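Peer 1: One structure, as structure tokens, below. Some questions next.
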Amino acid sequence: MNKSRRDFLSLCLKGGMSAAALTSLQLQALSGSVEQRNFSDYKALVCVYLYGGNDSMNMLVPLTGDHRSWYEASRQNLAVQDALSLTTASEFAGGVGLHPAMSSLQPYFDQQTLAFVGGVGTLIAPTSLAQYQARSVPLPQHLFSHNDQQATWMHGQEKQTLNTGWGARLLERLDQGTVFGSNITVDGANPWQTGMNTSAFALSKSGISKINALSGYEPRVEHVRRVMQTLFDQTSHPLASAYGSRLNGSIEHTLYMNALLEEAPVLATEFGESSLSAQLAAVAKTISIQSQLGAKRQIFFVSMGGFDTHDEQESAHPALLGALAQSLVEFQSAMAELELTEQVSTFTMSDFGRTLTSNGDGTDHGWAGNQLILGGAVNGGDVHGAMMPQQLDGSNDVGGGRLIPAFSNEQYFAPLARWFGLADSEMTELFPNLSNFDAQALSLFKV
């Protein structure tokens, strides 16, 4: 190995520019040779993933009658008191109450820019309790497993040998996967944004991605650049050439993104100190420069952990829901400041719901749950789907208060993809099991 190559590899490794690090930094560096669909408007999907399995049945609770009695009997010490009554466009037996820790979101619900999706979970086909017990319909594999259910939510289908996420596939179906800045994560690599020809560009919570080997003492930086360029120019091996091209493109795009972010307008919206607030602040900052990036369709990924509440749920879960709500309020305020509330839709995903029964200090892994979606284009002020009766040993309880979903997660994803620009004729190519369900069941958007 010649000295220049040794110097280059040494500096890369010492500076943190390993192949693994570059994967999290890179934008799609390959030149866009695919003819892209020309969108005249701008839209963004922001996925907020709640790691651990949110006890989302406690986000929305019944208020009166038998449904309230069933709820209190099943939830025991975890039953939510003083829930905030929601006036919903649809009628639900027992009414609908919002967890009081999420009170900051109620104005958005009343303004019809916030909606909930009830009774949703991983399904391959409509499933009754009798069918589940007889295994007479195909069932999702590894139910109640964190890793497997996270993968199913992010892939948009059961995990396959070749894995791609539905967010990345959506961009690629719309021929936007190679557009600079279309696929951005503020929480590292994730399956949702991994495609055949696209992968997420990682931003830090500050919005700036630092390339350690290209920062610091300027003569050293220039030396690294010269060595890298020489290697790129001299290589004849196809694999080395492809890697060099990808590396060079990633660095150029990172430097370009950083330059744009440094000149981004300072938002008046103040974000809190939580991790999710910081991530959403970075998303808002990036959205503020979308016109310079030229991306007409963008997907973003942020996350929040701590929802695996096997213990200390009485104190931990309200704090989590409160932090989630406050971060979303801040982000929506930033979108209003940018006059992009109609163009940006924010939605949640999580591993699964949780058991209705308390284990004495928390809940265990369940199945069906509730999600939320926020934005100016959202058909808000309602619970779409079902307010599932929280009744132990009821008609949809497979045991311990693990409820069979009334709607599949693919039914939830379909209107998000449709709003983003995907034609109905392409929907089952993105979500293969959707043909087993009513693809139009959830009207999550106003138009």
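The values are calculated or read from the model by the stated rules, or taken from the named source; none is laboratory data. Model, not experiment: these values are computed from the prediction. Virtual Cβ from ideal backbone geometry, glycine too; neighbours counted across all protein chains shown. Just so you know, the surface numbers come from the protein's heavy atoms only, side chains and all, with ligands and any DNA or RNA stripped out. Shrake-Rupley method; radii C 1.70, N 1.55, O 1.52, S 1.80 Å.
Peer 1: For a test of the definition: using alpha carbon positions, the gyration tensor, and the 1.5 limit on a/c, classify the range 55-195 as rounded, prolate or oblate. Walk me through the numbers before you get to the answer.
Peer 2: Details: a/c = 2.44, a/b = 1.42, b/c = 1.72.
Here the range 55-195 falls in the oblate category.
Peer 1: Test of understanding: extend the Cα→C-beta vector of Asn38 to 7 Å, then name every residue of the range 169-193 with backbone N under 16 Å from that spot.
Peer 2: Output list for this probe position: 175-176.
Peer 1: Express the accessible area of the range 371-423 per residue in Å², computed with a 1.4 Å probe while the remaining protein chains stay in the model. Numbers along the way, then the final one.
Peer 2: Numbers: 1170 Å² over 53 residues.
Accessible area per residue: 22 Å².
Peer 1: Give a residue-ordered list of calculated ³J(HN,Hα) values for the range 396-410 (Karplus: 6.51 cos²θ - 1.76 cosθ + 1.60, θ = phi - 60°; whole Hz; x for Gly, Pro).
Peer 2: Couplings: 10, 9, 8, x, x, x, 8, 9, 5, x, 7, 9, 7, 5, 5 Hz.
Peer 1: Quick check: residue separation of Ser291 and Ser395 times 0.36 nm, minus the Cα distance between them. What number comes out in nm?
Peer 2: Working: separation 104, 0.36 × 104 = 37.44 nm, distance 5.12 nm.
Result for the pair: 32.3 nm of gain on full extension.
Peer 1: Report, by chain and number, residues whose modeled amide H sits under 5 Å from the one on Asn183, excluding near sequence neighbours (fewer than 5 apart, same chain).
Peer 2: HN-HN under 5 Å from Asn183: Phe201, Ile299.
Peer 1: List, in order, the whole-Hz ³J(HN,Hα) value for each residue of the range 180-187 obtained from phi through the Karplus relation with A = 6.51, B = -1.76, C = 1.60 and θ = phi - 60°; use x for Gly and Pro.
Peer 2: 4, x, 7, 10, 10, 10, 10, 9
Peer 1: What are the residues whose amide H is under 5 Å from the amide H of Leu372, where those residues sit 5 or more places off or on another chain and H is modelled from the backbone?
Peer 2: Val117, Thr348
Peer 1: Sort the range 337-397 into rounded, prolate or oblate with this rule: let a ≥ b ≥ c be the square roots of the eigenvalues of the Cα gyration tensor; rounded if a/c is under 1.5, and if a/c is not under 1.5, prolate when a/b is larger than b/c, oblate otherwise. Walk me through the numbers on the way to the answer.
Peer 2: Numbers: a/c = 3.84, a/b = 2.25, b/c = 1.70.
Taking the square roots of the gyration eigenvalues as a ≥ b ≥ c, the range 337-397 is prolate.
Peer 1: Ranked from highest to lowest mean number of other Cβ atoms within 10 Å per residue, what is the order of the peptides 349-356, 330-337?
Peer 2: Numbers: 349-356: 27.1, 330-337: 20.8.
Packing proxy ranking, top to bottom: 349-356, 330-337.
Peer 1: Mind grabbing the accessible area of Trp166 for me, 1.4 Å probe, Å², rounded to tens?
Peer 2: 0
Peer 1: First check a/c for the range 42-113, with a ≥ b ≥ c the square roots of the eigenvalues of its C-alpha gyration tensor; if it is under 1.5, answer rounded, and if not, answer prolate when a/b is larger than b/c or oblate otherwise. Working shown, then result.
Peer 2: Values: a/c = 2.28, a/b = 1.44, b/c = 1.58.
Here the range 42-113 falls in the oblate category.
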